[in-house]
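The values are calculated or read from the model by the stated rules, or taken from the named source; none is laboratory data. The shown structure was predicted, so the numbers you read here are calculated from the model rather than taken from an experiment. Backbone-built Cβ (ideal geometry, glycine too); neighbour counts: all protein chains shown.
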């Protein structure tokens, strides 16, 4: 037997797999599914994008008894976005089975969730905070579950959920199957597994290349104050069909979104400060291509899977390789081509080396020439020099290279002529320009609003005169 049929799965599950166009199991699925079907506890260590969700959902569905009324499976995740995504995956894979899945997370009316819990529910997917809330209200009981899954355990503990997770585990029966999946294996995760799991085999899947081969990756060394202008320039030049722009903080998400909107780009902000309904509406609009550029934080985008994303921009460099892999994995999916561009400050180049080592792939560096945009000129290799445009087979006297060199030379000459003048702090002029543009945009909006108000006043005066004339 080939494909998923060799696992001896129910025909309804195989039909769900076929509907999703899965043909062959991924390495983590190949190793985890047979062990899980035997009822063993296991630890699966794999990066995002390896198919680990199906590695635990398929065994859970296989062991499920649709005729039994109580909850049989619990999947804990660190974020509401990931919980929603996994619940959708469970529904897709099990759509030919008579099962009910309930997603429990914050940001939704808890009374509505309580009402749904009164109906038949087979699998619960949720975040630790909301699950614990239901347990304390005694509206949720896990006394008879057969399988517990801890997904992205490292992120869950990193976000401060360790005590909540342990409390929830203690509310489950001692005799159950526990599956733990994590991208990394810090000591806290190991201790958690040691306390609550029974001799779990440790399955570790290391990808030769952690990011898709269809995704082109390169980075620019850009000063912090130059990043907004650099982003606008690239968006104008590359004209992405759909793009996700990752920023590290909520405040900066709002700032960058405002900068792009003022420049005429169709951009929207997504971060944890928005209500759940607003976030879900934004994602739905993005999937329907009602806007092109989504500016967001890592946590807000975790679990986001949108078809057709052609570009990912790391406006801020992520703090760890796993986050970089997660971000870049939003493009180049299902064999489609994608592009991932990262802005790096001069002091962060060492972090890029760590990311390259983690993904086992060289990330090309490109140069920022002058102020008119980006020349597609790779820098010298860190170990040995290589001619520009080597991959395209172009010579060094290429007109594009000459143009970039002439522009750089003119900038250098201008700097020499201004040596006697007062020195200006690097990035100050651009910062002043951004502030001027922001003020001009505000003035423009103010004048438009004043014009609208004046038209309203004129209309009211006219209506008053007409009334008086009658």
Original post:
Residues 9, 74: which one is touching a helix residue (DSSP H, G or I) at 6+ places or on another chain (Cβ under 9 Å) and either surrounded by 22 or more Cβ atoms within 10 Å (Cβ to Cβ) or part of a strand (DSSP E or B) (or both)?
Top reply: 74
Original post:
Do the conditions hold for residue 124, that is, is it in contact with a helix residue (DSSP H, G or I) (Cβ under 7 Å, 6 or more places away or on another chain), closer than 25 Å to residue 155 by Cβ, touching a residue at least 24 places away in the same chain (Cβ under 8 Å) and surrounded by 15 or more Cβ atoms within 10 Å (Cβ to Cβ)?
Top reply: no
**OP:** Look at residue 157 and say whether it is in contact (Cβ under 8 Å) with a residue 24 or more places away in the chain and not in a helix (DSSP H, G or I).
**Re:** no
Original post:
Is one or more of the residues making up the range 127-138 assigned to a loop (DSSP other than H, G, I, E, B), in the same structural domain as residue 59 (by TED's automatic domain parsing), more than 30 Å from the chain's Cα centre (by Cα) and surrounded by 14 or more Cβ atoms within 10 Å (Cβ to Cβ)?
Top reply: no
Original post:
Is at least one residue of the range 197-204 closer than 18 Å to residue 320 by Cα and surrounded by fewer than 21 Cβ atoms within 10 Å (Cβ to Cβ)?
Top reply: no
